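> A single structure is presented below for examination.
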Amino acid sequence: MHSFDLHHGDFRRIDLNLLVAFDALMQERHVSRAAARLFVGQPAMSHALARLRDVLGDPLFVRTGNQMEPTARALALAPHIRAWLEDANQFLFAPDNFDPAQAQATFSLAAPDGMEAILYPALIAQLRTQAPGVQLRSYLLETDQQLTALDNDDVDLLITATPLPLRDWHSHQLLMQSGFTAIHAQSQLNLPDPPTLADLARCDHVASSYRGSAAGVVDHLFAANGLARRIVAMSASLIAISHIIRQAPLVSVQPTLYLPLFRSTPDIVCTPLDDTVHININMVWHCRNDKQPLHRFLRTLLCQQQQCRFGDTPAVPGEQNAARRTASG
C-alpha cells in the first residue's frame with residue numbers, strides 16, 4: 001500500500017517540462033543562456049517563465065542588472081526540482097548496465113520434455129557460470145495451455161514446435177529447424193541398410209504423445225508416397241521410447257535434434273528421412289519482455305547455444321523481435 005495517494009489530476013495544472021526550464025534558469029540565472037541550454041529561443045523561455053509564475057503564484061526570478069535572481073520560493077523549490085530531474089535522468093536515460101552475474105531472479109520456461117533434455121544441460125551450466133543468481137524453472141504444458149500461461153505471466157518463455165495461434169502481442173524467434181530420423185534396434189528388426197519409407201511403413205511404430213505438428217509432417221511424408229504408418233503404441237517419454245524399441249520390434253520417427261538422446265542407447269540404428277521434411281522450433285514470449293534485460297540475456301544464451309550445436313541457427317534475437325510478431329486472429 002502506498003504511503004500517500006497521488007492525485008494525478010493535480011499535475012494537469014503544470015506542464016512538467018516547465019520544471020526543466022526552471023532548473024535551467026536556476027543554473028544560468030539568465031534567460032538567454034537558459035534558452036540556449038534547452039535549445040529553444042529566448043521568447044520560448046520567457047513564455048515558460050511566465051507560465052511558471054502563473055502556476056506557482058510567485059515571481060520566482062527577479063531581474064537584477066544582467067542577472068535573474070531567484071526569490072525565496074524559487075530557492076526553496078530548487079533542490080527538490082533538481083532531485084526529481086536527477087532521478088528522472090537516471091531511470092529514463094541511464095544506459096542499460098545489466099550484469100547477469102548480479103541478477104537475482106527466477107525464470108520460467110516451458111518446453112517439451114525432449115527439448116528440455118537437449119537444451120537445459122548446457123543452458124543451466126552457462127547460468128551457473130554467468131548468472132548464478134538466476135533460477136530456472138521448467139514447465140511441461142499442453143499445447144492449448146501455452147499461450148494462456150504466457151499471457152498470464154505464469155511462464156516467461158515458450159520453446160515449441162507447434163504452430164501456435166499467435167496474437168499481435170506475442171513475439172517469436174526461430175531457434176532452429178529439425179528434420180526427422182527413424183530409429184530402431186538392430187537386434188529387434190532386420191531392416192535393409194538404409195531402410196526405405198516402404199520398409200518403415202511395413203513396421204509397427206511407437207510414437208511420442210507430444211501434441212504438435214511433428215506427427216502430421218511425418219504422416220504427410222508417408223502419404224505423399226502412398227504409404228501410412230501403423231502406430232501401435234504411444235509414450236510421453238522419449239527416454240521410455242529408447243528402451244521400448246530395444247525390447248520390441250518397433251520403429252519410432254523422431255525429430256533429428258533428439259538423436260543425442262537415442263544414440264547413447266546400444267544397438268540403435270538411425271535413418272534420416274527426406275531432408276525436405278522438417279519442423280521449426282520457435283521461442284515465443286509476450287512482447288512486454290522484448291527488451292527486458294534478463295529475458296534478452298536468456299534468449300541470447302539459447303540462440304548462441306544452438307549456433308554452437310548446429311552452426312546455422314538464426315541470429316541472436318535483438319530489436320528485430322518485435323517485427324516478428326504475428327497476428328492470426
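> With unit charges on the beta carbon (Lys/Arg positive, Asp/Glu negative), name the residue among LEU174, THR196, LEU141 whose Cα is farthest towards the positive pole of the charge dipole of the stretch 141-205.
Projecting each Cα onto the dipole axis, the largest value belongs to THR196.
> Please give the FRET efficiency for ASN97 paired with SER32, using the beta carbon to beta carbon distance and R0 = 45 Å, rounded to the nearest 0.05. The partial results should precede the final answer.
On the way: r = 37 Å, r/R0 = 0.82.
Taking R0 as 45 Å, the efficiency between ASN97 and SER32 is 0.75.
> What are the radius of gyration and Dmax of the stretch 111-168, computed over its Cα atoms and given in Å?
Rg, Dmax (Cα atoms, Å): 12.8, 36.
> Once the other residues with Cβ under 12 Å from the Cβ of THR148 are scored (Lys, Arg +1; Asp, Glu -1), what is the net sum? Don't jump to the answer; show the numbers that get you there.
Working: positive: ARG167; negative: GLU142, ASP144, ASP151, ASP153, ASP154.
Once all neighbours under 12 Å are counted, the net charge is -4.
> Another question about this same structure. Net charge near ALA103, counting Lys/Arg +1 and Asp/Glu -1 over other residues with Cβ under 14 Å of its Cβ?
Numbers: positive: ARG128, ARG296; negative: ASP96, ASP99, ASP156.
In short, -1.
> If you take every residue apart from LEU49 with its C-beta less than 15 Å away from the C-beta of LEU49, what net charge results, scoring Lys and Arg +1 and Asp and Glu -1? Could the numbers behind the result be given before it?
Details: positive: ARG29, ARG33, ARG37, ARG51, ARG53, ARG63, ARG73; negative: ASP15, ASP23, GLU28, ASP54, ASP58, GLU69.
Around LEU49, the charge tally is +1.
> Using only the Cα atoms, work out Rg/Rh for the chain, with Rh taken as the Kirkwood radius, to two decimals. Numbers along the way, then the final one.
Working: Rg = 31.1 Å, Rh = 24.9 Å.
That ratio equals 1.25.
Each value in this text was obtained by applying a stated rule to the coordinates, not by laboratory testing. Because the structure is predicted, anything quoted here is derived from the model rather than measured. Virtual Cβ from ideal backbone geometry, glycine too; neighbours counted across all protein chains shown.
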